[in-house]
1. Out of Leu47, Leu106, Leu87, report the one residue that is within 20 Å of the chain's Cα centre (by Cα) and not β-branched (Val, Ile, Thr).
2. Considering only residues that are surrounded by 11 or more Cβ atoms within 10 Å (Cβ to Cβ) and either part of a loop (DSSP other than H, G, I, E, B) or touching a Leu at 6+ places or on another chain (Cβ under 8 Å) (or both), which ones fall in region 73-110?
3. Quick check on region 58-72. Is at least one of its residues surrounded by fewer than 16 Cβ atoms within 10 Å (Cβ to Cβ) and on the phi > 0 side of the Ramachandran plot?
4. So which residues in region 24-40 are in contact with a Leu (Cβ under 8 Å, 6 or more places away or on another chain) and modelled with pLDDT of 80 or more, if there are any at all?
5. If only one of Leu56, Leu47 is in a helix (DSSP H, G or I), aliphatic (A, V, I, L, M) and touching a helix residue (DSSP H, G or I) at 6+ places or on another chain (Cβ under 7 Å), which one is it?
6. Return a yes/no flag: does region 37-56 have any residue that is in contact with a Lys or Arg (Cβ under 8 Å, 6 or more places away or on another chain) and either surrounded by 11 or more Cβ atoms within 10 Å (Cβ to Cβ) or in contact (Cβ under 8 Å) with a residue 12 or more places away in the chain (or both).
Amino acid sequence: MKRIWAYIVSLSVLFIPLMSHAQVTITNPLGEADPRIIVARVIQGALSVSGTLALLMFIYAGMLWMTARGESAQVDKGKKIMVWAVLGIIVIASSYIITTAIFNALSTGSVDG
């Protein structure tokens, strides 16, 4: 058994120089190397997802209100969800605009883009 291990170790030591010449190329899956642009894209993507969720909540509130059948508790719940969804959409849209303006100013020096 010791002889087999000695044989394996000596062969692996012989192949170390061959393994060190192997070239590994890693391509950038993001397509961008500037960290500012990567951060901007991540923030804009997160804001897009949260905006979609707020829009879905607005639709859910409308469906809840329309299917209340006169139940005041259900109507009030739908109204409250709708108000908070609209406020959420306003906050998300304004933060998207502010984020875009900041990253345009950092990358190009102009807020216009």
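The values are calculated or read from the model by the stated rules, or taken from the named source; none is laboratory data. Keep in mind it's a predicted model, so treat the numbers as computed, not measured. Counting neighbours? That spans all protein chains shown, and the Cβs are built from the backbone with ideal geometry, glycine included.
1. Numbers: Leu106 fails: within 20 Å of the chain's Cα centre (by Cα); Leu87 fails: within 20 Å of the chain's Cα centre (by Cα).
Only one candidate qualifies: Leu47.
2. Scanning region 73-110 gives Gln74, Lys77, Gly78, Ile81, Ala85, Ile89, Ile92, Ser95, Tyr96, Thr99.
3. Yes - at least one qualifying residue is present in region 58-72.
4. Ile38
5. Leu47
6. no
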